[in-house]
Amino acid sequence: MDLRSLRYFVAVADARSVGKAAQRLHMAQPPLSVQIRNLESQLGAQLFRRVSGGMQLTDAGSALLARAREALALAHDGFEAARAVAAGRRGRLTVGYMFALGYALLPQLVPKLRRAMPEVELQFVEMSTLTYEALIAELKVTVALCMPPIQRAGIAASVVGTQPLRVAMPARSPMARLRAIPLAKLQGGTLISLPTFAESADSSVVATLLRRHHVTMQIAHRVETVHSALALVMAGEGMAILPACAALGSPPGLVFKPLLDVKDGFDVAVCWRSDLDSPLLAPFIDCVRASMAQ
């Protein structure tokens, strides 16, 4: 039994006539009569009896009709759901995000996603610099807001913006009075660092910047998250060079100063597993770009 047979059966039941049903279905009457007989043969039961007014449902036909309507309605819903998912109107997105980007990006991004994809279920997962690669690779998050972009086989990335560098320090620090910090002022200072390594050499934006300007800082701690770095800065353990968005929602007692004549920054990217084939990806990236531009 297939959906077409059920559709023909329902059409005859509604029209109470094979001829009228054939007209509504835009087909000839004999093939429709054959379809109804084949259906009755499959079921082993008579579905219609001929009466003076046309075709009348038998008890077996009445029993089938309600369920046939339900089956056709469910099939229609299923087809529509599949079309909606394929078109990117429905589905589910698990969005990973770095803590530092939370306050800076989510308040703008989430409303845009709700408007652009109203029928898409959204779930948000906080990530750290030590966990985000695994979360993407294992598909525990569908897409991720990463800083910096992940550069490894099997993960694709699209850069959507940049966050400038800021030096986080206690408000009581003598350098806190400066409008901008010359890099030379950091020479010999103590640094709270986030872990970013490649082939045993620190390849982070901060380490690259310091090497390029021949500035040496002692790394007091390597921490996994921005909020851990801020806590240690508050405790007087050193300074941290962080993306500017880290200042949003930071605890009192800290100041964030730009670096004088420094244009370097942290690239922000949308990352996903490269074999992911989702129609939700492109509209998601568009929403992130628009949010970063605000």
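Observations on the structure shown:
- Helix 281-292 vs. the chain, principal-axis angle (Cα, 0 to 90°, nearest 10): 40 degrees
- Listed by chain and number, the lysines whose alpha-carbon sits under 28 Å from that of Lys185, ignoring those within fewer than 8 places in the same chain, are Lys257, Lys263.
- Less than 5 angstrom separates the built amide H of Ala240 from those of Ala168, Ile192, all sequence-distant by 5 or more or on a different chain.
- Only Lys, Arg, Asp and Glu carry charge here, each on its Cβ (+1 for the first two, -1 for the last two); on that basis the chain has a dipole of about 820 debye about its Cα centre.
- Across segment 36-43, coupling constants 3J(HN,Hα) worked out from phi with the 6.51/-1.76/1.60 Karplus curve, θ = phi - 60°, read 5, 5, 5, 5, 4, 5, 4, 7 Hz, and Gly and Pro carry x.
- FRET efficiency, Asp267 to Ala73 (Cβ-Cβ, R0 41 Å, nearest 0.05): 0.25
- Leu248 versus Ser274: modelled label distance in nm, points set 7 Å from Cα along the beta carbon direction: 3.1 nm
- Computed [θ] at 222 nm, deg cm²/dmol, the chain (DSSP H ≥ 4; -39,500 (n - 2.57); rounded to nearest 500): -12500 deg cm²/dmol
- Length released on extending from Ser17 to Ala60, taking residue separation times 0.36 nm less the Cα-Cα span: 13.7 nm
- Computed 3J(HN,Hα) for segment 173-180, one whole-Hz value per residue from the Karplus formula 6.51 cos²θ - 1.76 cosθ + 1.60 where θ = phi - 60°, is 5, x, 6, 5, 7, 7, 6, 9, glycine and proline marked x.
- Note that the chain presents 52 Å² accessible area per residue, ligands and nucleic acids not counted, probe 1.4 Å.
- In the chain, a dipole from Cβ-located charges (positive for Lys and Arg, negative for Asp and Glu) runs towards its positive end, and of Ser228, Ser5, Leu122 it is Ser5 whose Cα lies farthest in that direction.
- Kirkwood hydrodynamic radius of the chain, Cα pairs, Å: 23.9 Å
- Counting only Cα atoms, the size of segment 173-294 along its three principal axes is 52, 35, 28 Å, in decreasing order.
- Taking N as its residue count, the alpha carbon Rg of segment 109-247 over 2.2 N^0.38 Å: 1.21
- Phi angles across segment 107-114 convert, under the Karplus curve 6.51 cos²θ - 1.76 cosθ + 1.60 with θ = phi - 60°, into 3J(HN,Hα) values of x, 8, 6, 4, x, 5, 5, 4 Hz, Gly and Pro given as x.
- Amide proton proximity set for Ser274, modelled H, under 5 Å, gap of 5+: Ile155, Ala156
- Carbon and sulfur %, accessible surface of the chain computed with the full protein complex present, 1.4 Å: 52 percent
The values are calculated or read from the model by the stated rules, or taken from the named source; none is laboratory data. Since the structure is predicted, the reported quantities are computational estimates derived from the model, not experimental observations. All Cβ positions, even for glycine, are placed from backbone atoms using ideal geometry, and neighbour counts span all protein chains on display. Each accessible area value is taken on the protein alone, full model and side chains, heavy atoms only, with ligands, DNA and RNA left out. Shrake-Rupley method; radii C 1.70, N 1.55, O 1.52, S 1.80 Å.
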